[in-house]
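Written out below as structure tokens is the structure these notes cover.
The values are calculated or read from the model by the stated rules, or taken from the named source; none is laboratory data. The shown structure was predicted, so the numbers you read here are calculated from the model rather than taken from an experiment. Reconstructed Cβ throughout: ideal geometry from the backbone, glycine too, with neighbour counts over all protein chains shown.
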Amino acid sequence: MNPYDILVFNTPEEAAKAIAQLISNRITEKQNSLSPFNLAISGGKTPQTLFNILANDFAEKIPWHQLRLFWVDERCVPPTHPESNFGMTNETLLKKVPLPKKNVFRMKGETVPEEEAIRYQSLLTKELPSKNGIPVFDLILLGMGNDGHTASIFPKDINLIDSHLSVAVTQHPDTGQKRITLTGPVLKQADEIIFFVTGASKATILKEIILNEPSAKKYPAFHIYSAEGKTSFYLDKEAAALLPKELPLL
Ligand code: 6PG
């Protein structure tokens, strides 16, 4: 595995601006190729800052027709539900940019979870290039929960790191809410992974992961990195507070 790139910013907004610029650059770089840029995004609170910046500052800069948007995970609720990852992305980003609807591949949280996992797995196989039979994304944007989960792979689902499936059904350990999630192999197959992690509540686990401490093995986020490509952590200084001080503050 290539070592992580770790970028520390003063604020979540500055980290989000840097990620937005990277996404814009990556899509533009691929503009002249015949293949689209396949991006999978996470939900939760952290990416909302990023989606607002993409909508407000990049609506005219990104060749949106070149982008195809997929989801890393989805809560098993309707798209209009306040906890829907698609719903959040639709409000903060999709309504404000000229991304063609045909380029938006949402996980359908309103359907039977097990059926949707099968449907989405087939969709990925059909729509994406693959390597060793596993779909390949150009870029996957991940977050990390306070328990070290990523996507909707929770510590109790650690077996999904090596699942033979690309898409699985899990349950939130506290609420019991069912989730659809990409699994470890398809996450690790991505050409590039960005972890966008902010806030003091993530600092301890982040330190364990970045410093490769023995305790990190129980966290799904520890096991996810681009097997052959680039993995970067975009952090604010609160999340990076326990990391070695020699990391430059950007
Ligand atoms: C989700 C996300 C999940 C998220 C982490 C961090 O559906 O909730 O995909 O993996 O990235 O839970 O969430 P916050 O950004 O809200 O801390």
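Condition (residue is β-branched (V, I, T), surrounded by fewer than 24 Cβ atoms within 10 Å (Cβ to Cβ), at pLDDT 95 or above and more than 16 Å from the chain's Cα centre (by Cα)) applied to the stretch 156-168: is it met by at least one residue?
yes
Exactly one of (1) crowded, with 17+ Cβ neighbours inside 10 Å; (2) assigned to a loop (DSSP other than H, G, I, E, B) is unmet by T111. Its number?
Result: T111 fails condition (1) only.
Is it the case that some residue within the stretch 25-35 is polar (S, T, N, Q) and under 30 Å from E116 (Cβ atoms)? Explain how you work it out, then say what you get.
The first filter runs over the stretch 25-35 and keeps only residues polar (S, T, N, Q), leaving 25, 28, 31-33, 35.
Checking which are under 30 Å from E116 (Cβ atoms) leaves us with 35.
Yes.
Could you check how many residues of the stretch 207-250 are in contact (Cβ under 8 Å) with a residue 60 or more places away in the chain, touching a strand residue (DSSP E or B) at 6+ places or on another chain (Cβ under 6 Å) and under 15 Å from T150 (Cβ atoms)?
The number of residues fulfilling the criteria is 10.
Regarding D147, is this residue within 17 Å of the chain's Cα centre (by Cα) and either farther than 26 Å from F37 by Cβ or loosely packed, with under 15 Cβ neighbours inside 10 Å (or both)?
Numbers: within 17 Å of the chain's Cα centre (by Cα): yes; either farther than 26 Å from F37 by Cβ or loosely packed, with under 15 Cβ neighbours inside 10 Å (or both): yes.
When the stated conditions are applied, D147 passes them.
Are there strands (runs of 3 or more DSSP E) fully within the stretch 115-183 with at least 1 residues that are charged (D, E, K, R), within 15 Å of the ligand (Cβ to nearest atom) and touching a Lys or Arg at 6+ places or on another chain (Cβ under 9 Å)? List them. I'd like the intermediate steps shown before the answer.
Values: elements: 139-142, 167-171, 178-182.
Qualifying strands (runs of 3 or more DSSP E): 178-182.
If a residue has to be aromatic (F, W, Y) and either within 13 Å of the ligand (Cβ to nearest atom) or assigned to a strand (DSSP E or B) (or both) to count, how many in the stretch 54-98 make the cut? Before you say what the answer is, go through the steps one by one.
Just the residues of the stretch 54-98 that are aromatic (F, W, Y), to begin with: 58, 64, 70-71, 86.
Adding the requirement that they be either within 13 Å of the ligand (Cβ to nearest atom) or assigned to a strand (DSSP E or B) (or both) leaves 70-71, 86.
Here the count works out to 3.
Please specify each residue of the stretch 186-230 satisfying the condition of being β-branched (V, I, T) and either within 16 Å of the ligand (Cβ to nearest atom) or not in a helix (DSSP H, G or I) (or both).
At the first step, the residues of the stretch 186-230 found to be β-branched (V, I, T) are 186, 193-194, 197-198, 204-205, 209-210, 224.
Once the filter is applied, which keeps residues that are β-branched (V, I, T) and either within 16 Å of the ligand (Cβ to nearest atom) or not in a helix (DSSP H, G or I) (or both), the stretch 186-230 yields V186, I193, I194, V197, T198, T204, I205, I209, I224.
Taking the stretch 21-53, which residues are crowded, with 18+ Cβ neighbours inside 10 Å, within 16 Å of the ligand (Cβ to nearest atom) and part of a helix (DSSP H, G or I)?
T46, P47, T49, L50, F51, I53
For W64, all conditions in the list (1) over 16 Å from D191 (Cα atoms); (2) touching a residue at least 40 places away in the same chain (Cβ under 8 Å); (3) under 19 Å from the mean Cα position of the chain (by Cα) hold save one; what is the number of the exception?
For W64, the failing item is (2).
Working only within the stretch 120-139, note down all residues that are farther than 13 Å from V167 by Cβ and either in contact with a Pro (Cβ under 6 Å, 6 or more places away or on another chain) or of a type in the set (V, I, T) (or both).
V136
Going residue by residue through the stretch 62-71, is there one that turns out to be modelled with pLDDT under 95 and aromatic (F, W, Y)?
Taking the stretch 62-71 and keeping what is modelled with pLDDT under 95, we get none.
Within the stretch 62-71, not a single residue is modelled with pLDDT under 95 and aromatic (F, W, Y).
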